[in-house]
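Below is one structure; the comments refer to it alone.
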Amino acid sequence: MILIFGGAYQGKLAYAKENFQIDEKDVFFCKDDLAELDTSKKVIADLEKFTYACVAAEENPVERLDGIWHLLEDKILIADDVSQGVVPMDKTARAWREANGRVLIKLGKRADQVIRVFCGLGQRVK
Amino acid sequence: MVYFISGGCKNGKSMLAQNIAKEMAESKGVPLYYVATMIPVDEEDRARIKRHIAERDGWGFKTLEEGRSPAALLNRQDVDLNGVFLVDSVTALLSNEMFPYGEPMNLNAAEKLKPVLLEFAEAVNGAVFVSDYIYSDADRFDEYTEKYRQGLAYLDKALANVADEVIEVSYGINYYYKEGCVK
């Protein structure tokens, strides 16, 4: 499992496409109103939207992932880091910010490779 | 030689950029310019600019005020393109272009600025660009703020791509993304 994370608009998917020979059809894009992951594709992008959907549905995204690790072993997971700004006023956004951090901690531990993308440049941190 | 420096706010980006620019200009024996990007609209702004100028006193910078298009500097008689230019900040340039004071906003400002900044970086002997990393918020912004974040990231990526060195300043530690430059 490979985890690619970084801030919004940093070029994470472009980095994945360039370095791991994938194209758009290999990517499942999470949606912020869908607390489900499609594991039929090589890449799962916008994972922060999945965590948002889980939190909005009052589910724990870490527990959801705990049930499907075996399906994620050969995946590339791409997620926004949303941990570094002002604490949001909105209750769901606050819970999301924390849940997304916990998801990234767990993914960082389990992933074989972790890459952080900064202004389009990838840095391997694991 | 082009440097691109970014990171969170108030953690030493400007000071690092000033040091790099000064060192580069001195080692090459060329003029050192500070491209002042802030367009003052009130007393508070003017006071801040005064403070910034005082802080740079003794560094040897010649200040060039250019809040809109650095391309204008390329044709000025009194500007030596063989010099080193510190542009602080890309953030302000985009803000000035996207939300100009007293003019209609331009949501395509980043697309307009990109070729200008790349041309500038290419034309001068040395350039140090400073930007701000505003991409890890958990809040959901209004459409214009989101467009601004997206636009700044677009410029950051373009400048980071052509830069000889990209430095992220984080809590007093500098991360170097490209090798081969003096650290």
Checklist outcome for this item: Gyration tensor on Cα atoms of region B:51-183, a ≥ b ≥ c root eigenvalues, a/c under 1.5 rounded, else prolate if a/b beats b/c, else oblate, says oblate
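Using a 1.4 Å probe, what is the accessible area per residue for chain B, in Å²?
Details: 9000 Å² over 183 residues.
Counting only protein heavy atoms, the per-residue value for chain B is 49 Å².
Just reorder A:D46, B:D57, A:D66 by solvent-accessible area, largest first, 1.4 Å probe, all chains present.
Numbers: A:D46 45, B:D57 120, A:D66 70 Å².
Final ranking, largest accessible area leading: B:D57, A:D66, A:D46.
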Checklist outcome for this item: Ignoring ligands and nucleic acids, B:S27 exposes an accessible area, probe 1.4 Å, in Å² to the nearest 10, of 100 Å²
Checklist entry - Extension gain A:V125-A:V62, at 0.36 nm per residue separation less the Cα-Cα distance, in nm? => result 20.5 nm
Checklist entry - Long-range amide H contacts for B:S89: which residues qualify at under 5 Å (H placed 1.01 Å from N, peptide plane, sequence gap of 5 or more or a different chain)? => result B:T37
Checklist outcome for this item: Under a Gaussian network model of chain B whose springs join Cα atoms within less than 10 Å, the largest fluctuation of B:Y135, B:Y148, B:Y34 belongs to B:Y135
Checklist entry - With charges only on Cβ, +1 for K and R and -1 for D and E, what is the dipole size of chain A about its Cα centre, in debye, rounded to 20? => result 440 debye
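Take A:E63, B:E165, A:E18 and sort them by solvent-accessible surface of the protein heavy atoms, 1.4 Å probe, largest at the top.
On the way: A:E63 125, B:E165 0, A:E18 145 Å².
Sorted descending by solvent-accessible area, the residues read A:E18, A:E63, B:E165.
Go ahead and run the numbers for FRET between B:L74 and B:A47, Cβ-Cβ distance against an R0 of 41 Å, rounding to 0.05.
Efficiency, from the Cβ-Cβ distance: 0.85.
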Next on the checklist: Please report the accessible area of B:D78 (heavy atoms, 1.4 Å probe, ligands and nucleic acids excluded) in Å², nearest 10.
Outcome noted: 80 Å²
Item to check | Gaussian network model of chain A, Cα within-10 Å springs - most flexible of A:G108, A:G67, A:G85 | outcome: A:G85
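Could you size up the charge dipole of the protein assembly as shown around its Cα centre, putting +1 on the beta carbon of Lys and Arg and -1 on that of Asp and Glu, and report it in debye to the nearest 20? Before the final figure, lay out the partial values.
On the way: 39 positive and 50 negative charges, 140 e Å.
Dipole magnitude for the protein assembly as shown comes out near 680 debye.
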Item to check | Solvent-accessible area of B:H52 with every protein chain in place, 1.4 Å probe, in Å² to the nearest 10 | outcome: 70 Å²
Checklist outcome for this item: Residues whose built amide H sits under 5 Å from the amide H of B:T63, excluding neighbours closer than 5 in sequence, are B:Y34
Next on the checklist: Using a 1.4 Å probe and counting only protein heavy atoms, how much accessible surface gets buried when B and A come together, both sides summed, in Å² to the nearest 100?
Outcome noted: 2000 Å²
Checklist entry - Heavy-atom accessible area per residue, chain A, 1.4 Å probe: how many Å²? => result 49 Å²
Checklist entry - Carbon and sulfur together cover what percent of the accessible area of region A:26-126 at a 1.4 Å probe radius? => result 48 percent
Checklist entry - Can you pick out the pairs among A:K49/A:K126; A:K31/B:K157; A:K17/A:K49; A:K91/B:K178 whose Cα atoms lie more than 28 Å from each other? => result A:K91/B:K178
Checklist outcome for this item: Simple spin-label estimate for B:K28/A:Q21, 7 Å along Cα→Cβ, in nm, reads 4.1 nm
Checklist outcome for this item: Looks like region A:2-124, by Cα gyration tensor root eigenvalues a ≥ b ≥ c and the a/c under 1.5 rounded cutoff (else prolate when a/b is bigger than b/c, oblate otherwise), is oblate
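The values are calculated or read from the model by the stated rules, or taken from the named source; none is laboratory data. None of these values were measured; they are calculated from a predicted model. Using ideal geometry, Cβ is built from the backbone for each residue, glycine included, and neighbour counts are taken over all protein chains shown. Just so you know, the surface numbers come from the protein's heavy atoms only, side chains and all, with ligands and any DNA or RNA stripped out. Shrake-Rupley method; radii C 1.70, N 1.55, O 1.52, S 1.80 Å.
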